[in-house]
Amino acid sequence: MTIKGVLFDFSGTLFRVEPVHDWLSAVLDASGAALPDSELARCARELEEAGALPGGANPLRLPDHLADLWAVRDRSGELHRETYTGLARQVELPDPRLYDLLYDRHMTPAAWRPYPDTKQVLGGLRQRGIKIGVVSNIGWDLRPVFRAHGMDDFVDAYVLSFEHEAQKPDERLFRAACEELGQDPGEVLMVGDDRRADGGAATLGCAVHFVDHLPVDERPEALLPVLALAGEGC
């Protein structure tokens with residue numbers, strides 16, 4: 001099989017969102033609010049358990065009143081915000097404005113770090129003339145994250161769920177990405193961290209390769225095999 005295009009998931013594959021404690025601390029600092037260390041630790045722990053940080057851990061317990069929203073959260077920006085601010089509101093915070101401020105923070109480039117090998121792999125694929133796409137279940141425009149980290153020039157196409165009103169594993173997203181790259185699905189590799197969502201590309205005929213959704217410091221080289229799969233030894 002000759003690979004002519006590679007599709008990547010975003011969160012947990014190319015980039016990882018900041019830890020919950022850092023996320024909350026940044027918002028508190030920017031808003032002029034303050035919490036004692038013990039309260040900060042409590043709020044961070046409860047926000048993580050609630051699954052309130054998009055790109056972070058899933059909820060330990062999904063509230064009944066949010067179950068339907070959770071299932072379709074990536075189909076629009078409004079649904080995405082409503083879902084995650086709803087999860088955050090399960091945690092008592094000192095100022096009700098913080099729920100929306102937390103949501104806004106996670107959309108900023110500063111909240112995201114690329115994995116150590118992301119730029120090397122994207123650059124290596126680009127040098128070989130392989131087309132690159134990003135296919136993400138997401139409720140906001142992630143292009144500024146790539147621009148801020150100097151990686152937008154590597155990407156030929158972004159296919160984002162909220163712009164297509166469909167979520168992975170719906171094959172329509174993968175089909176749209178292949179069409180934007182001008183490649184047959186049989187010559188495209190999908191790289192992601194979610195076996196169900198990203199594995200949906202296989203129904204279209206794409207090859208699929210998985211990485212683990214780990215903190216940035218714990219996953220320095222997991223993307224490097226993509227170069228070998230695309231025909232360039234590492």
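The values are calculated or read from the model by the stated rules, or taken from the named source; none is laboratory data. Just so you know, these numbers come straight off a predicted model, no measurement behind them. Neighbour counts are summed over all protein chains in view; Cβ atoms, including those assigned to glycine, are modelled from backbone coordinates with ideal geometry. These area figures cover heavy atoms from the full protein model, side chains too; ligands, DNA and RNA do not enter into them. Shrake-Rupley method; radii C 1.70, N 1.55, O 1.52, S 1.80 Å.
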Spelling it out for Tyr158: with amide H atoms placed in the peptide plane at 1.01 Å from N, the residues 5 or more places away or on another chain with amide H under 5 Å from its amide H are Val134
Using only Cα atoms, tell me the angle between helix 118-127 and the longest principal axis of the chain; keep it within 0 to 90° and round to the nearest 10. 20
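What's the longest uninterrupted piece of the chain once you rule out the trypsin sites (Lys or Arg not before Pro) that are loop residues per DSSP with at most 10 other Cβ within 10 Å? The partial results should precede the final answer.
On the way: sites that count: Arg61, Arg196.
For trypsin sites (Lys or Arg not before Pro) (loop position, at most 10 other Cβ atoms within 10 Å), the longest site-free span of the chain is 62-195.
Loop only by DSSP, 13 or fewer other Cβ within 10 Å of the Cβ. Give me the GluC sites (Glu not before Pro) in the range 45-126 that pass, ordered by residue number.
Qualifying residues, ordered by number: Glu92.
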Amide H neighbours of Phe15 under 5 Å, at least 5 residues apart or on other chains, H built in the peptide plane: list them. Tyr115
Give the separation of the Cα centroids, the range 96-169 to the range 173-225, in Å. 14
Once phi for every residue in the range 189-205 is put through the Karplus expression 6.51 cos²θ - 1.76 cosθ + 1.60 (θ = phi - 60°), the whole-Hz ³J(HN,Hα) values, with Gly and Pro written as x, are 10, 9, 10, x, 10, 10, 5, 7, 5, 6, x, x, 5, 5, 5, 8, x
Rolling a 1.4 angstrom probe over the protein chains, ignoring ligands and nucleic acids, what is the accessible area of Thr203 in square angstrom, nearest 10? 100
Shape call for the range 136-182 from the C-alpha gyration tensor, a ≥ b ≥ c root eigenvalues: rounded (a/c under 1.5), prolate (a/b greater than b/c) or oblate? oblate
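Given 0.36 nm per residue, what is the gain on full extension from Arg147 to Asp22 after removing their alpha carbon distance, in nm? Show your work: numbers first, answer last.
Values: separation 125, 0.36 × 125 = 45.00 nm, distance 2.21 nm.
So the extension gain works out to 42.8 nm.
On a 1.4 Å probe surface of the protein chains, which of Asp198, Asp184, Asp95 comes out largest in accessible area, and what is the full order? Display every interim value, and only then the final one.
Values: Asp198 0, Asp184 90, Asp95 35 Å².
Sorted descending by solvent-accessible area, the residues read Asp184, Asp95, Asp198.
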Taking amide H positions as placed 1.01 Å from N in the peptide plane, with prolines and chain starts having none, which residues 5 or more places from Val208, or on another chain, fall under 5 Å of its amide H? Met190
Among 111-118, 134-141, 149-156, the order from most to least packed when residues are scored by Cβ within 10 Å on average: 134-141, 111-118, 149-156
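What is the sum of charges around His213, taking Lys and Arg as +1, Asp and Glu as -1, for the other residues whose C-beta is under 10 Å from the C-beta of His213?
Working: positive: Arg16, Arg219; negative: Asp9, Asp193, Asp194, Asp212.
Charge balance in the 10 Å sphere: -2.
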Once the Cβ-Cβ distance between Asp29 and Glu92 is put in as r, and R0 is 22 Å, what FRET efficiency do you end up with, to the nearest 0.05? 0.65
